[in-house]
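One structure is given below, encoded as structure tokens.
The values are calculated or read from the model by the stated rules, or taken from the named source; none is laboratory data. Just so we're clear, the structure is a prediction, and the values are computed from it rather than from any experiment. Positions of Cβ are generated from backbone atoms using ideal geometry, with glycine treated the same way; all protein chains shown enter the neighbour counts. Just so you know, the surface numbers come from the protein's heavy atoms only, side chains and all, with ligands and any DNA or RNA stripped out. Shrake-Rupley method; radii C 1.70, N 1.55, O 1.52, S 1.80 Å.
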Amino acid sequence: MSAKHIKKMSILIKGVQLNQRVCDLYIEKNLISKIGDNLNLTADKVIDGRNKAVIPGLMNSHTHSAMTLLRGYADDLPLMEWLTKKIWPIEARLTEDNVYWGAKLACLEMIKSGTTFFNDMYWHFEGIARAVEEMGIRAAISSVFIDFGDKNKAKEQIEENERLYKKSKAYSDRIIFSLGPHAIYTVSEESLRWAKDFSDRNNLLLHIHLSETEQEVKDCLEKNGVRPVEYLEKIGFLGQNLVACHSVWLSDREIEILAEYKVKAVFNPISNMKLACGKCFRYKEMKDRLTCLLGTDGASSNNNLCLLETMKFASLLVKFSYSDPEVLSCQEAFDMATKAPATGFNIPCGQIREGNLADLLLIDLNRPELTPGYNLISDLVYSANSSCIETTICNGKILMENRRVEKEEEILEKAKEVAYSLKKNS
């Protein structure tokens, strides 16, 4: 039975640690209904919260979910060689069923590492949406829009996105439809203008790769006479509905422009380091001016979807880059994967408080890496790994308990079968 059709039940978590306080937490339908001491409430399920802490579900602001199928397939290559010679050729053969199983594997990995929402850009929207519905988490899903300046291809992509937008309304409210123009070097100006207009008319998010490499900047200067952010401003593409991923090769002026338009910027530290993008996200200049979020990127350029690991890399890389141990604290890194994306994607979660959606995790505190336990956020960001996450709840439903997810063996076996079939024919 899919998560969409599972009956919602009330959950009472007794004696759990919340912000260094021990309390009870009551979940009714899909909301955190009550937080208090010694709650005397009837619940369909009671969870013993002793020696556990409750934290918000984590939110991955940039990934390509079904690239789990390509994990370890093409490592240790420069970005454009990696894309053009390895990734795009094999992706051209992906079917919707392939993507469905790759996305189910991604959802499984995210549930087991505490992610309850992800912002996705990939092929075969319907395969990903079906996987998300069944697995029970949340996602903003965009179908990759690439036309390479080909008018016929652009027409096909526009018609496909219009069709998918209409069809997306049949899915549950855990799925947000968005537009995914890949990048300025893969999408024509006309198509970028269309995407912006369509998103404005329908109040949709735009999800794009921006200023990921120095070559992207050089090519934009040569072709358009301005840098990428300046180009997007010139064509009227920028706005508060834009999620700009990577955003590492930015000038001071470009940061000012993004701030003026209230663009959300996503830092993907592990992917950026692995693909040797050559710059660090300019967090110190951006943190007070932009909504800064965290993403893993896809599992073929990371190579996992663990946000706890991403928080640590983000904080350490920024500290190292600025030679400043105080920049990007553990709390700030944690907020970039909880509070900030909840605001950025307009989802009432990201904090454990009454009235918010019941998207939350239970952390096993009886762990060596969480001992002695002076500061839970510090321990989670700098010390822990995903094995400390015992329970994952999204939308008021238990998706993982005692580190077990329903049908995980079937998902692993089928994903392996699909992946090896793709590789064999590559």
Diffusion constant of the range 4-94 at 37 °C, which comes from Stokes-Einstein with the Kirkwood Cα-pair radius and 0.692 mPa s, µm²/s: 192 µm²/s
GluC sites (Glu not before Pro), loop per DSSP, at most 13 other Cβ atoms within 10 Å - longest free stretch of the chain: 1-325
Solvent-accessible area, 1.4 Å probe, carbon plus sulfur percent, for the range 12-124: 47 percent
Spatial separation of Cα centroids for the range 63-101 and the range 107-128, in angstrom: 15 Å
Over the range 128-185, relative contact order from alpha-carbon pairs under 8 Å, at least 6 apart, %: 51 percent
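Using r as the Cβ-Cβ distance of residue 226 and residue 10, and R0 as 56 Å, what FRET efficiency do you calculate, to the nearest 0.05?
On the way: r = 56 Å, r/R0 = 1.00.
FRET efficiency, residue 226 to residue 10: 0.50.
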Accessible surface of the range 258-372 [probe 1.4 Å, protein heavy atoms]: carbon and sulfur percent: 49 percent
Point-charge dipole on Cβ atoms (K/R +1, D/E -1) for the range 252-360, about Cα centre, debye to 20: 140 debye
Surface per residue (accessible, 1.4 Å probe) for the chain, Å²: 42 Å²
Estimated inter-spin distance, residue 156 and residue 385, nm [label 7 Å along Cα→Cβ]: 4.3 nm
Answer label, with P(r) over Cα pairs in 20 Å bins from 0, in percent calculated from the coordinates and candidates [x] 20, 35, 21, 15, 9, 0; [y] 15, 28, 24, 16, 11, 5, 1; [z] 27, 59, 14, 0: [z]
